[in-house]
Amino acid sequence: MKLLLIVFGLMGIPCLISAQTATNKNLPIIDMHMHSYPVEYMGESNIPNPVTGRPSGAASDEELMQATLSEMRRYNIVKAVTSGPLDVVYRWKIEEPKRLIGGVYFDEVTSLPDVEQLRQQFIAGKLGVLGELVAQHAGLSLNDSLFAPYLTLAEELDIPVGVHTGLGPEGLTYTCCPKFRVTYGNPILLEEVLVRHPKLRLYLMHGGWPYLEETKAIMSVYPQVYADLAVINWIIQREEFHEYLRDLIRAGLGKRLMFGSDQMVWPEAIGMAIEGIESAKFLSKEQKRDIFYNNAVRFLKLKETGE
Ligand SMILES: [Zn+2]
């Protein structure tokens, strides 16, 4: 989700992440939320990481891709859903065809591709997820008729759908995205979509934060809905993230929460996101493995059966 830095940079969040250590680094991890962006996707290269204040150092699209893939190997990320401009997604997919699942990105400036073209790319395996759909930034909810043919296609082909929920950067309505509305990030707005498309395999990106009650309501009534924990596990205040995660676990949703990083142009964010989960002392070893791997295997219907 681009432009996050506008906000979080201004918030002056202290550096909460000390080291990219992962106690489970030899066990497989699935990242449900990554991006294949050109290095200048946010307007220029070397934009500082909003948490550490340090730029990635990647000077070209190739360097950004290689640095990201290197972090994936380092943490044994065996699969990652990665979305962005389709030409960049395809480039990354050529580099790591088995490890990467191509995602269809949509936001306020990117339009959705032709439905029939999309069908062919899904069937060919070049794409595997419809998302990240950042409808909120375009002043839309997933309920808008614009998405209907794509959701019908996803339902027909049994393609997972990832929808951006919850947060947006501070002040963005006045800067980049005049159509953005907080309201459209509320997971409760997905209910009519779930009614109309009962077979849709939908996941809430960013775990619906900060809409805790609505996230619990939707996920408890619609058991097919999963959620990823991307970006909230490394950008927002750690205590806030852990309280939110603990509430979702307490609500009995631990089998439907999935790891995600939302790595945009900072490859080190993958390690920081892993640390956000690892540092949650209230999670058992089994609950962490569910979040890092088992739940995504089930959601994605992968052949792997676990460790
Ligand atoms: Zn997002």
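Just so you know, all these numbers are worked out from the coordinates, no wet-lab data involved. All values reported here derive from a predicted model rather than from experimental measurement. Every residue, glycine as well, gets a Cβ built from its backbone with ideal geometry; the counts of neighbours run over all protein chains shown.
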> How far is it, in nm, from the label point at Gln237 to the one at Arg73 when both lie 7 Å from their Cα along the line to the Cβ?
Replying inline: 4.0
>> Rounded, prolate or oblate, given the Cα gyration tensor of the range 155-209, with a/c below 1.5 counting as rounded?
In response: prolate
> Which residue, Ser111, Ser60, Ser36, tops the fluctuation ranking in a GNM of the chain built on C-alpha contacts under 10 Å?
Replying inline: Ser111
> By how many nm would the segment from Glu170 to Ser111 grow when fully extended, if each residue of separation counts as 0.36 nm and the alpha-carbon distance is taken off?
Replying inline: 18.8 nm
> Tell me, what ³J(HN,Hα) does each residue in the range 221-227 have, in order and in whole Hz, if you take phi through Karplus 6.51 cos²θ - 1.76 cosθ + 1.60 with θ = phi - 60° and put x for Gly and Pro?
Replying inline: 8, 10, x, 7, 7, 10, 8
>> For Met258, Met42, which order do you get if you count the other beta carbons within 10 Å of each Cβ and list the fewest first?
In response: Met42, Met258
> Per-residue HN-Hα couplings for the range 43-49, Karplus 6.51 cos²θ - 1.76 cosθ + 1.60 at θ = phi - 60°, whole Hz, x for Gly and Pro?
Replying inline: x, 7, 8, 6, 6, x, 4
> Between Rg and the Kirkwood Rh of the range 201-292, both from Cα atoms, what is the Rg to Rh ratio?
Replying inline: 0.94
> Put a dot 7 Å past each Cα toward the Cβ at Ser284 and Val221; how far apart are the dots in nm?
Replying inline: 3.0
> Long-range amide H contacts for Gln263: which residues qualify at under 5 Å (H placed 1.01 Å from N, peptide plane, sequence gap of 5 or more or a different chain)?
Replying inline: His35
>> Can you tell me which of Gly103, Gly252, Gly271 moves the most in a GNM of the chain? Springs connect C-alpha atoms under 10 Å apart.
In response: Gly252
>> If each residue of separation counts as 0.36 nm, what is the full-extension length gain between Leu157 and Arg298 once their alpha-carbon separation is subtracted?
In response: 49.1 nm
> Given springs between every Cα pair under 10 Å in a Gaussian network model of the chain, which of Asp31, Asp262, Asp290 has the largest fluctuation?
Replying inline: Asp290
> Residues with amide H under 5 Å of Val39's amide H, sequence separation 5 or more or different chain, H placed in the peptide plane at 1.01 Å from N; which?
Replying inline: Asp61
> Can you pull the semi-axes for the range 146-279, root of five times each eigenvalue of the Cα gyration tensor, sorted largest first, whole Å?
Replying inline: 24, 19, 15
> Counting Lys +1, Arg +1, Asp -1, Glu -1, what net charge surrounds Tyr226 among other residues with beta carbon under 10 Å of its beta carbon?
Replying inline: +3
> Where the Cα atoms of the chain are projected onto their three principal axes, how long is each span, largest first, in whole Å?
Replying inline: 45, 41, 41
> To the nearest µm²/s, what D does Stokes-Einstein give for the range 177-227 at 20 °C and 1.002 mPa s, using the Kirkwood radius over alpha carbon pairs as Rh?
Replying inline: 188
> Based on the alpha carbon coordinates of the range 42-155, what radius of gyration and maximum Cα-Cα distance (Dmax) apply, in Å?
Replying inline: 15.6, 43
> What is the distance in Å between the Cα centres of the range 200-240 and the range 45-119?
Replying inline: 22
> Taking only DSSP H segments of four or more residues, each worth -39500 (n - 2.57), what value at 222 nm results for the chain once the sum is divided by all its residues, to the nearest 500 deg cm²/dmol?
Replying inline: -9500 deg cm²/dmol
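Could you tell me which of rounded, prolate or oblate describes the range 242-307, using a ≥ b ≥ c as the square roots of the eigenvalues of the alpha-carbon gyration tensor, with rounded for a/c under 1.5 and, failing that, prolate when a/b is larger than b/c and oblate otherwise?
oblate
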> Tell me, what HN-Hα J-couplings in whole Hz come from the Karplus equation 6.51 cos²θ - 1.76 cosθ + 1.60 at θ = phi - 60° for each residue of the range 211-220, using x for Gly and Pro?
Replying inline: 7, 4, 5, 5, 5, 4, 5, 5, 6, 7
> Label-point separation (nm) for Asp144 and Asp87, each offset 7 Å from Cα along Cα-to-Cβ?
Replying inline: 2.5
